[in-house]
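Below is one structure, written out as structure tokens, with a few remarks after it.
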Amino acid sequence: MGVPAPSAGVYGISVAAELTGLTERSLRLYERHGLLNPARTAGGTRRFSQDDLRRARRIAELMADGVNLAGIGKILGLERDTDGLRDDITSLRADNTALRADNIALRADRTRPADRDLDTTRRSRRSDAAGRPDQRSRPG
């Protein structure tokens, strides 16, 4: 049996209270206001995860700073959004780096002598049966 995932609900409310230094009443209040959402067993018992405990500690920090519960909800939402945007930026930077490398490789391929020979072959195919260049290939 391995270590549970950070999002797996494994702690009852009394253990969660002890691990966070909060009261069971506070944890229930945070849940009632939608700030925490612990998993539930089939019998309805709350099961807090490591992620829930981390969030409860963050809520306690914000409460200590004088932020009310509604403000805490907004702050936590903004922090979640910011984390998502950071992940997106990291992904986009990696994609951009890969595209730049592809662009450099494509430009290098275009300047090779074999490509010039292909361009000459393409131009000769455009001429019509009489040996005259196709109308589209002549400058306007």
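Odds and ends about this structure:
- Sole exception among (1) assigned to a helix (DSSP H, G or I); (2) at pLDDT 95 or above; (3) over 23 Å from ALA5 (Cβ atoms) for ILE104, by number: (2)
- The condition of being out of contact with any Cys (no Cβ under 7 Å at 6 or more places or on another chain), modelled with pLDDT of 75 or more and at positive phi holds for only one of GLY71, GLY44, GLY131, that being GLY44.
- Within segment 61-74, tally of residues that are in a helix (DSSP H, G or I), surrounded by fewer than 16 Cβ atoms within 10 Å (Cβ to Cβ) and small (Gly, Ala, Ser): 3
- Per-region count, segment 18-54, residues free of Cβ contacts under 8 Å to residues at least 40 places away in the same chain, within 18 Å of LEU69 (Cβ to Cβ), part of a helix (DSSP H, G or I) and in contact with a helix residue (DSSP H, G or I) (Cβ under 7 Å, 6 or more places away or on another chain): 3
The values are calculated or read from the model by the stated rules, or taken from the named source; none is laboratory data. Quick caveat, the model's predicted, so the values are computed rather than measured. Please note: Cβ atoms are built from the backbone with ideal geometry, for glycine as well, and neighbour counts cover all protein chains shown.
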